[in-house]
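Undergrad: Okay, handing you the structure first.
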Amino acid sequence: MQKIAILGAGRSAGYLIDHLALVSKAKSWELKVYDNNFEGYFSSFGENPNCIFENSNLADLKILESIVKYSDLIISVLPPSMHFGVARFCVLHGTHLVTASYISPEMKALHDVAVENDVVLLNELGLDPGIDHLSAAKAIFEIQEKGGEIVGFESYCGGLITENDCMGNPWKYKFTWNPRNVVLAGQGGKSKWLANGELHQIAPSDVFKHIQRFDFSELGQIEAYPNRDSLNYIDQYHLLGVKTMLRGTLRRVGYCDAWQILIDAGFTDDEKGQDLVFANRRVWFEFITKCKSVEDWFIHLNLTNNQIIEKLKFLELDLENTVPLENLSHAAHLQNILQDKWKLNESDKDEVLMVHKIDYTLNNLAFRYSATLRIIGEGGAHTAMAKTVGLPLALGAIAILDGIIKERGCLMPFNVVWGKQILLQLEELGIQFAESTQQINN
């Protein structure tokens, strides 16, 4: 009997748990979920009788190792910083691992020993990264198989909130994913991309200054900022010689300009503030901005854009009637404020939007392939984000245990054979792209 362990039952685990529980029952597999709090999952998805829930302190390495040693496959939805520790135990005990997180240098360094120990370390199998890789692999392979030469690749993805559920929130954004990742967006190193053969590199602090805007018939305008180092994927996507290579993150118009002001002021700094104590939020605000109030701050910045002013006022960064702030970075204090201001209500519906654009030439003609994925959540914890992150993880785990994924070592989901199968399964579960190809001018 195959034994599967899911580490973590947070906001992205609901659909993952439910789908794997259903499959495990049919296949007579054992499914266990480990965490120290299941209230969120139980209140939204119920107490699933087809899996076992065990309260565990996953920060305890002895407990963590015992779980890994017991299991045939681990799915980690823990914070990314914990994945490497899990992976080391997996390699040691011959246990497969699946995560939705980017491959870290430390994880990549485990490749050879994982191969030797017949272990799969499958990463980047969520939404973005994840579904983007699966769908890109399919499109790129089909274009190249018919003789097309790809000259441009662009991919954009974002977790948004439906317009009706943004009323009263000028940012038009709420948390459906790890809040810390949102607050620290762009801080993982330089963003790099190619545009018409020209290399672009920008510092993390300037990421939100470089935006593009797109028009969607049902959504209106959406803006995108560059996501990490797009050049990393040229080799992995088999796109040597490509002139344009860009991966970006989507937000509603106006978000990036307002967020850049918070970055410039120092509110997203995760390296400072831990050793300081502030009597209340206003004192903290004054320490960072050297201004007594947001109104003074706007004057100091010579800020006249009413839409940005509205967004910054909404956060109440200078609120005086608050508890003391201590032992946290400035970014962590900002995150606490945003978790209140950008809280997803039970009735709110989120939406996931992913867009691919691939330009290629074939028989001396130029074409553009476009693919759009739009998924709308059901409300509350039944988010589109949880669905599009959790279901690929579940399907990847099943593919490993069923022997469909035969490679070993540190992998990402850019494999046409088993990747296409997972895409077809996602379509059966309601996650499907709208695709089109049109001829364009050279």
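The values are calculated or read from the model by the stated rules, or taken from the named source; none is laboratory data. Keep in mind that this is a model prediction, so the values were computed, not measured. Note that each Cβ is placed from the backbone with ideal geometry, even for glycine, and that neighbours are counted across all protein chains shown.
Undergrad: Which one is surrounded by the most Cβ atoms within 10 Å (Cβ to Cβ) among residues in the range 40-58 that are part of a loop (DSSP other than H, G, I, E, B), touching a residue at least 12 places away in the same chain (Cβ under 8 Å) and not polar (S, T, N, Q)?
TA: At the first step, the residues of the range 40-58 found to be part of a loop (DSSP other than H, G, I, E, B) are 46-51, 56-58.
Within this subset, residues satisfying the condition of being touching a residue at least 12 places away in the same chain (Cβ under 8 Å) are 48, 50-51, 56-58.
Filter once more, so that each one left must be not polar (S, T, N, Q): 51, 58.
Working: Cys51: 20, Leu58: 18.
The selected residue is Cys51.
Undergrad: Search the range 88-116 for residues that are on the phi > 0 side of the Ramachandran plot and free of Cβ contacts under 8 Å to residues at least 40 places away in the same chain and pair each with any residue that is surrounded by fewer than 23 Cβ atoms within 10 Å (Cβ to Cβ) and of a type in the set (Asp, Glu) when their beta-carbon atoms are under 8 Å apart and the residues are at least 6 apart or on different chains.
TA: Listed by first residue and then by second, the contacts come to Gly94/Asp118.
Undergrad: Could you grab me the full set of residues in the range 66-78 that are buried (at least 17 other Cβ atoms within 10 Å of the Cβ) and part of a helix (DSSP H, G or I)?
TA: The answer is Ile67, Val68.
Undergrad: Can you find even one residue in the range 347-355 that is modelled with pLDDT of 95 or more and farther than 19 Å from Ser135 by Cα?
TA: Among the residues of the range 347-355, not one is modelled with pLDDT of 95 or more and farther than 19 Å from Ser135 by Cα, which makes the answer no.
Undergrad: Return the pairs, sorted by first residue and then second, in which the second residue is of a type outside the set (S, T, N, Q), the first residue lies in the range 415-430 and is without any contact (Cβ under 8 Å) to a residue 24 or more places away in the chain, the beta carbons are less than 8 Å apart, and the residues are 6+ apart or on different chains.
TA: From the range 415-430, the pairs are Trp418/Ala399; Trp418/Ile404; Trp418/Ile405; Gln421/Ala399; Gln421/Ile404.
Undergrad: With respect to Ser135, is the statement that it is touching a helix residue (DSSP H, G or I) at 6+ places or on another chain (Cβ under 9 Å) and part of a helix (DSSP H, G or I) true?
TA: Working: touching a helix residue (DSSP H, G or I) at 6+ places or on another chain (Cβ under 9 Å): yes; part of a helix (DSSP H, G or I): yes.
Spelling it out, Ser135 is indeed touching a helix residue (DSSP H, G or I) at 6+ places or on another chain (Cβ under 9 Å) and part of a helix (DSSP H, G or I).
Undergrad: Determine if the range 30-39 includes at least one residue that is part of a helix (DSSP H, G or I) and in contact with a Gly (Cβ under 8 Å, 6 or more places away or on another chain).
TA: Of all residues in the range 30-39, those part of a helix (DSSP H, G or I) come to 39.
With in contact with a Gly (Cβ under 8 Å, 6 or more places away or on another chain) added as a condition, the list becomes none.
No, that holds for no residue.
Undergrad: Let me ask something else about it. Out of the residues in the range 178-232 meeting the condition of being among the hydroxyl-bearing types (Ser, Thr, Tyr) and not in a strand (DSSP E or B), tell me which one is modelled with the highest pLDDT.
TA: To start, the set of residues in the range 178-232 that are among the hydroxyl-bearing types (Ser, Thr, Tyr) comprises 191, 205, 217, 225, 230.
After this cut, where a residue has to be not in a strand (DSSP E or B) as well, the list is 205, 217, 230.
Working: Ser205: 87, Ser217: 71, Ser230: 93.
Residue satisfying both the conditions and the ranking: Ser230.
Undergrad: For the range 146-157, indicate whether the set of residues that are of a type in the set (Asp, Glu), in a strand (DSSP E or B) and under 24 Å from Ala384 (Cα atoms) is non-empty.
TA: yes
Undergrad: With Val323, Val294 as the choices, which residue is touching a residue at least 24 places away in the same chain (Cβ under 8 Å), touching a Lys or Arg at 6+ places or on another chain (Cβ under 9 Å), hydrophobic (A, V, I, L, M, F, W, C) and exposed (fewer than 14 other Cβ atoms within 10 Å of the Cβ)?
TA: Values: Val294 fails: exposed (fewer than 14 other Cβ atoms within 10 Å of the Cβ).
Among Val323, Val294, only Val323 is touching a residue at least 24 places away in the same chain (Cβ under 8 Å), touching a Lys or Arg at 6+ places or on another chain (Cβ under 9 Å), hydrophobic (A, V, I, L, M, F, W, C) and exposed (fewer than 14 other Cβ atoms within 10 Å of the Cβ).
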